[in-house]
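Working notes for the structure below.
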Amino acid sequence: MPPRLLLRQQRVGPIAMSYFAIAYSLINSAGFPLIAGKTAAAQAAFGTQMQALAAQITWLLPLPQNPGTLGGFVQWRAYGFLAIVFPAWALLSAAGATRGDEGKGLVETWLASGLSRTRYLTARGAAFACVSGLALGAGGIATWIGGIVGSSPLDPARVLESSISLWALTLSCYGIALLLSQQTLTYRSAAGASACVLLVLFLLDSLQRSVSPSPLVGRFSVFSLNDRTTALAPSGQFDVAAVLILLAVALVTGTAAALAFQRRDLEAGLVRVRRHARTAHAPARNVLLGIPILRGLWQRRLSVAAWTAGASALAAFIVAIINGAAGLFTKTPSLQPFLRGLGGEVHVALLGLIWFALAQTLLSILAITYVWRWADEDTNGMLELQLSQPVSRVSVTFERAAELLVTLVVVTFVSSLVVMLVASANHITVGAGSMLLATVLLIPFALTFAAVGAVLAGFRPRLAVGVPATVSIASYLLFQLAPAFRWPAWVADLSVFQLYGTPLVQPVFVGGLVAMLVVVIAGFSVAGGLMLRREVGA
Amino acid sequence: MTGSGEVAIRAEGLTKDYGSGRGLFGLDLVVHRGETFGYLGPNGAGKSTTIRLLMGMIQATRGRASIFGLDCRRDAVEVKRHVGYVPGDVPQFGGLRGSEVVSYVGAMRGGVDSARVRELCEAFDLDLHRKFREYSRGNKQKLALVLALMNRPELLILDEPTSGLDPLNQQTFQELVRQATRDGATAFLSSHVLSEVEHICTRVGIIREGHLVGDRTLEELHELRFHTVEAEFTGPVPEEAVRSAAGVGDVRVEGSRLTCTVHGEFAPLLDALRQGHAVNLVSTEPSLESIFLAYYRGTQPDDAATSATT
């Protein structure tokens, strides 16, 4: 398999991730003096504020070491976040290298050309190791340059050490996803199964960071091993043993994946369930398949169940750590000003801030996966099939929207119910009215992304996923960075996340709600109009 | 014409211009109820474009198309109530079982006739218990045919319907189409295989580079068709006898080998060949493209054959 072809096969991911790593690292390192101040006193005060902020998101990022210094801040803010993004890329890439390309018939073509299965998988793994290394290297250089721009240069050796740890984490996640993909059948199921396992590993690490005493099991997470390297922070460390373990995990899982690939059939799982020989010549008696909206949901039942279970588990986890976070806030004098700024009862305020911010992110991703499916239906012939039946084009658009709406209602309400139950078990009192309001508002929020995606799917299906995903990421960054960089309020308001507000502790942001509803109604109306005009299967 | 006279499909100046000479240009066509219309042409000729225009999947640049008097674009929903459709590419139903796919599509058409589905599945030997992604290419095509035929539509629009089917199932398909037309249905099917169209169609349209270059009955098609024959002799080659045989042309002799083309009956050529001692005889059917070139440009075919017998 020619290296040029391998790199070309993976060109979009590396380019996008390199840009992201460079931009995100540069913003954090070069922007540090702007947001932290240039005097030692200002930076110390900033460090205290960041400690307060970090204490409430230990489920997401590890606690920082000296965030009042450039090294400590970048290690926490930049490398901590990249440690989430790069594993996500790794799992998508591994699922694509196996089930994605298998589904397209590319793997069969390459194997038919005389390439051995081991060489194929080794080549794909090596190519990913190269491109992920280059992307992280570019991010590392950007971090170093950012330090020089900000007049507080970082030690390049320290930057390299942090990058190496992150690279090892990325490769271990790639290996795990590669192994899991051997049992699944499609790209989506491979990505979904890998995401579930990596999420569990991530949550184990979160649990270790957030609960005292930390459970032993959390130390076995690959994310915990990466946390042990804090090379950029003053008095931080580069844990060589942890990095070697991560690389060993990558090697072992990659080898196991290669062995599994040798033993299994193409387009089949490693373990095949033998079924009783049974033939059928009659249609299924499933009445759900005959009811609009429910017929689509039936086809996505596993996905809906997985999203509901995942969101509920995450909600339960977040609520379980609220008491610990609240305790930290109330016992730490330096955090009191921040506590007062939250408004409302501390547990409820933290719940609103942590869970509902995460829920927004999750639901925007859920909406984007639906958009992905809609765009895909044009190329896989499903849209052509639907339109070859006596159904109107507009009804197809609105049935899609209704399927997503029902899914969102199920996921949000079940997870909010779990929040209420776990909160009650942890003696946290949450008002049912405000909880209902916060839950309901998540739905137009997620539909906003879907409406934008539906419009794009109508005339540029290739952009239908990328644009809403970019809007989601940009919104998140605006939401996070605007206060820190003291950007004008109107800039912060460009974030879709701002439209949601904090309804659990503050009154509903009516302007935001109206804006979301306008986008949803206008978006799906335009999508319906575009559906009338679009050419299918051309 | 075997149709009843009522128009099932009408295209008037139907044009879809993709630019650079690609697309469909000025198609004027009428298919009557009860006809089985074969739409022949090489890859990229415009067959699928025509079918997608009829199905209202794409918009015409110019002209109009109607099915049973209903505009294919404006009355698309009503048109679909009368049509059973097999697309060129089978939709990907993923993890659904065949039986679920049948129920899903059937419900969109207002219900499923279980007895009809059973009859079709038994005819094609298609197991609906299996998941779609586990189906072979041929089984996926069979499922697409079941979906198109299960509601006994008045009009069948089939884009290369036998693609991926083995010869036995091709025969089953042909019999089902004959049965449907006997029951009053109309069929419009595209293909690039001449022999397939010959077996079931009553009329044939030939499309080339986006233009309908011929609209013939089956009898006229037989005249269009020819074979290339190559014979090898141990003794003298009966060249003169072959040249004078009826329907034989383009006779060439190289050493002990004779090649010629035959239009229509083989008997005159065989009589002529008996005047020599033939040790090898090969008859080949030229590709459709060669026949088009020969027929519409007045040249002789010279490229590869699509089938051979010795």
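Worth a mention:
- Exactly one residue out of A:Val471, A:Val514 is in a helix (DSSP H, G or I), β-branched (Val, Ile, Thr), free of Cβ contacts under 8 Å to residues at least 60 places away in the same chain and closer than 30 Å to A:Asn380 by Cβ: that is A:Val471.
- Candidates B:Arg62, B:Arg10, B:Arg52, B:Arg33: the one that is in contact with a helix residue (DSSP H, G or I) (Cβ under 9 Å, 6 or more places away or on another chain) and open to solvent by 10 Å² or more (accessible area, probe 1.4 Å) is B:Arg52.
- Per-region count, segment B:233-242, residues open to solvent by 40 Å² or more (accessible area, probe 1.4 Å) and either modelled with pLDDT of 95 or more or of a type in the set (Phe, Trp, Tyr) (or both): 0
- Of the residues making up segment B:73-99, those that are of a type in the set (D, E, K, R) and surrounded by fewer than 23 Cβ atoms within 10 Å (Cβ to Cβ) are B:Arg73, B:Arg74, B:Asp75, B:Glu78, B:Arg81, B:Asp89, B:Arg97.
- Within segment B:35-78, considering residues that are assigned to a loop (DSSP other than H, G, I, E, B) and within 12 Å of B:Thr15 (Cα to Cα), the one farthest from the chain's Cα centre (by Cα): B:Thr61
- Restricting segment A:238-256 to residues that are over 13 Å from A:Ile164 (Cα atoms) and free of Cβ contacts under 8 Å to residues at least 60 places away in the same chain, the residue that is most open to solvent (accessible area, probe 1.4 Å) is A:Thr255.
- Flag for B:Leu40 being within 11 Å of another protein chain (Cβ to nearest Cβ) and surrounded by 24 or more Cβ atoms within 10 Å (Cβ to Cβ): no
- Neighbours by Cβ (under 7 Å, 6+ apart or cross-chain): first from segment B:40-57, within 16 Å of B:Asp89 (Cα to Cα); second of a type in the set (Asp, Glu) and part of a helix (DSSP H, G or I): B:Met57/A:Glu384
- If only residues of segment B:15-30 that are within 14 Å of another protein chain (Cβ to nearest Cβ) and closer than 28 Å to B:Ala185 by Cβ are counted, the one that is least open to solvent (accessible area, probe 1.4 Å) is B:Leu24.
- Subset tally (residues that are in a strand (DSSP E or B) and at pLDDT below 60) for segment B:255-310: 5
- Any hit, segment A:499-509, residues being part of a helix (DSSP H, G or I), in the same structural domain as A:Thr361 (by TED's automatic domain parsing) and surrounded by fewer than 20 Cβ atoms within 10 Å (Cβ to Cβ): no
- Subset of segment A:517-537 that is in a loop (DSSP other than H, G, I, E, B) and charged (D, E, K, R) - its residue that is surrounded by the fewest Cβ atoms within 10 Å (Cβ to Cβ): A:Glu535
- Annotation: of all residues in segment B:51-72 being over 16 Å from B:Gly84 (Cα atoms) and not hydrophobic (A, V, I, L, M, F, W, C), the one that is nearest to the other protein chains (Cβ to nearest Cβ) is B:Gln59.
- Given (1) touching a helix residue (DSSP H, G or I) at 6+ places or on another chain (Cβ under 8 Å); (2) within 11 Å of chain A (Cβ to nearest Cβ); (3) part of a loop (DSSP other than H, G, I, E, B), index of the condition B:Pro161 fails: (2)
- Among the candidates A:Ser392, A:Ser434, residue that is of a type outside the set (A, V, I, L, M, F, W, C), in contact with a Gly (Cβ under 9 Å, 6 or more places away or on another chain) and open to solvent by 20 Å² or more (accessible area, probe 1.4 Å): A:Ser434
- Residues located in segment A:387-439, provided they are of a type in the set (S, T, N, Q), out of contact with any strand residue (DSSP E or B) (no Cβ under 7 Å at 6 or more places or on another chain) and either at positive phi or not in a helix (DSSP H, G or I) (or both): A:Gln389, A:Ser392, A:Asn426, A:Thr429
- From A:Ala306, A:Ala315, residue being away from every other protein chain (no Cβ under 12 Å) and under 26 Å from A:Thr397 (Cα atoms): A:Ala306
- Residue that is of a type in the set (Phe, Trp, Tyr), closer than 25 Å to B:Gly88 by Cβ and in a strand (DSSP E or B), where the choices are B:Phe188, B:Phe173: B:Phe188
- Residues (crowded, with 18+ Cβ neighbours inside 10 Å and of a type in the set (A, V, I, L, M, F, W, C)) located in segment A:281-297: A:Ala284, A:Leu288, A:Leu289, A:Leu297
- Subset of segment A:305-326 (residues that are modelled with pLDDT under 90, among the small types (Gly, Ala, Ser) and open to solvent by less than 20 Å² (accessible area, probe 1.4 Å)): A:Ala325, A:Ala326
- Considering the conditions (1) within 14 Å of another protein chain (Cβ to nearest Cβ); (2) in contact (Cβ under 8 Å) with a residue 60 or more places away in the chain; (3) touching a helix residue (DSSP H, G or I) at 6+ places or on another chain (Cβ under 8 Å), A:Gln386 is excluded by exactly one of them, (2).
- In segment A:235-272, the residues that are assigned to a loop (DSSP other than H, G, I, E, B), aliphatic (A, V, I, L, M) and away from every other protein chain (no Cβ under 14 Å): A:Leu270, A:Val271
- Screening A:Leu63 with (1) part of a loop (DSSP other than H, G, I, E, B); (2) touching a residue at least 60 places away in the same chain (Cβ under 8 Å); (3) surrounded by 21 or more Cβ atoms within 10 Å (Cβ to Cβ) gives one miss only, at (3).
- From B:Val197, B:Val242, B:Val213, B:Val204, residue being part of a helix (DSSP H, G or I), of a type in the set (Val, Ile, Thr) and closer than 30 Å to B:Ser48 by Cα: B:Val197
- Extreme residue, nearest to the other protein chains (Cβ to nearest Cβ), among residues of segment B:121-143 that are among the small types (Gly, Ala, Ser) and in a helix (DSSP H, G or I): B:Ala123
- Scope segment B:79-111; condition under 28 Å from the mean Cα position of the chain (by Cα), at the interface with chain A (Cβ under 7 Å from one of its Cβ atoms) and within 18 Å of A:Ala280 (Cβ to Cβ); matching residues: B:Val102, B:Val105, B:Gly106
The values are calculated or read from the model by the stated rules, or taken from the named source; none is laboratory data. None of the values given here were measured: they were computed from a predicted structure. No Cβ is skipped: glycine too gets one built from the backbone with ideal geometry, and neighbour counts run over all protein chains shown. Accessible surface is based on the protein model in full, side chains and every heavy atom, while ligands, DNA and RNA are left aside. Shrake-Rupley method; radii C 1.70, N 1.55, O 1.52, S 1.80 Å.
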